[in-house]
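To keep things clear, I will list the structure first and then write my remarks on it.
The values are calculated or read from the model by the stated rules, or taken from the named source; none is laboratory data. For clarity, every value in this text was computed on a predicted model and none was experimentally measured. Here the Cβ positions follow ideal geometry from the backbone for every residue, glycine too, while neighbour counts run over all protein chains shown. These area figures cover heavy atoms from the full protein model, side chains too; ligands, DNA and RNA do not enter into them. Shrake-Rupley method; radii C 1.70, N 1.55, O 1.52, S 1.80 Å.
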Amino acid sequence: MTVTPDAAGSALPFSRIMIRTAALVFCGDEVALIRRDRPAGVLYSVPGGNVEYGESLPGALRRELAEELSLDVDRAEGGELLWAVDQMVYRPGAAPAPRKLHLIHRLHIGEDVRADLATEEVDERPDGSRDVGAIEWIDYRRTGELPVYPPVGRALAALPSARATVADAALEAVTDDNYTWR
């Protein structure tokens with residue numbers, strides 16, 4: 001991957017691309033989201049994460065769902081790509097922000113599988129501390145009211161059913177004009 005430096009030799013924002021794979025995991029009309037309480041308020045995220053070097057997209061999705069939900073994707077049905085979200089947003093911090101492509105898939109599980117899933121998700125921070133999020137099951141039609149990352153809540157809430165097809169997988173790009181970090 002090539003990183004383009006600016007005149008001072010620093011990497012420019014969005015000069016590198018990261019891919020994040022994630023899944024909306026449905027159990028009936030409820031979808032699993034990770035709730036994190038932040039100083040600026042609550043933030044919900046779609047379970048998933050960055051694709052690691054040399055990792056396949058299906059392999060990354062499988063790994064992330066196992067890590068975050070304790071979900072074995074072989075126990076779920078579906079897995080189709082539902083949406084793609086292109087993100088170019090400046091983030092707080094010293095490192096230049098990457099351009100990020102979010103690939104949002106859809107899976108369906110039964111109550112028996114849901115009963116075996118994690119109830120919290122723990123991220124280890126670079127300083128050794130832990131960031132703990134609660135797994136919440138929320139009626140997908142309510143997600144339009146919630147701060148969801150990536151911002152798919154309105155599109156999700158607009159689906160006529162949890163299994164509805166979508167005409168266009170490309171959602172509106174996420175920019176500083178339409179998104180603010182919490």
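Worth pointing out:
- Accessible area expressed per residue, the chain, with surrounding protein chains retained (probe 1.4 Å, Å²): 53 Å²
- Contact order relative to length of the chain, as percent, for alpha carbon pairs under 8 angstrom and 6 or more apart: 28 percent
- Packing around the peptides 22-32, 64-74, 123-133, 36-46, taken as the average count of other Cβ atoms within 10 Å per residue, puts them in this order, highest first: 22-32, 64-74, 36-46, 123-133.
- Derived from the Cα gyration tensor, the three semi-axes of the equivalent ellipsoid of the range 68-142 are 27, 20, 12 Å, largest first.
- Among beta bridges from DSSP that stay inside the chain, the antiparallel ones total about 65%.
- Label point distance in nm, Ala134-Ala84, each placed 7 Å from Cα along Cα→Cβ: 3.6 nm
- Heavy-atom accessible surface of the chain: percent carbon and sulfur, 1.4 Å: 51 percent
- When the inverse distances between all different Cα atoms of the chain are averaged and flipped, the Kirkwood radius reads 17.2 angstrom.
- Positive minus negative residues near Cys27 (Lys, Arg vs Asp, Glu; Cβ under 14 Å): -4
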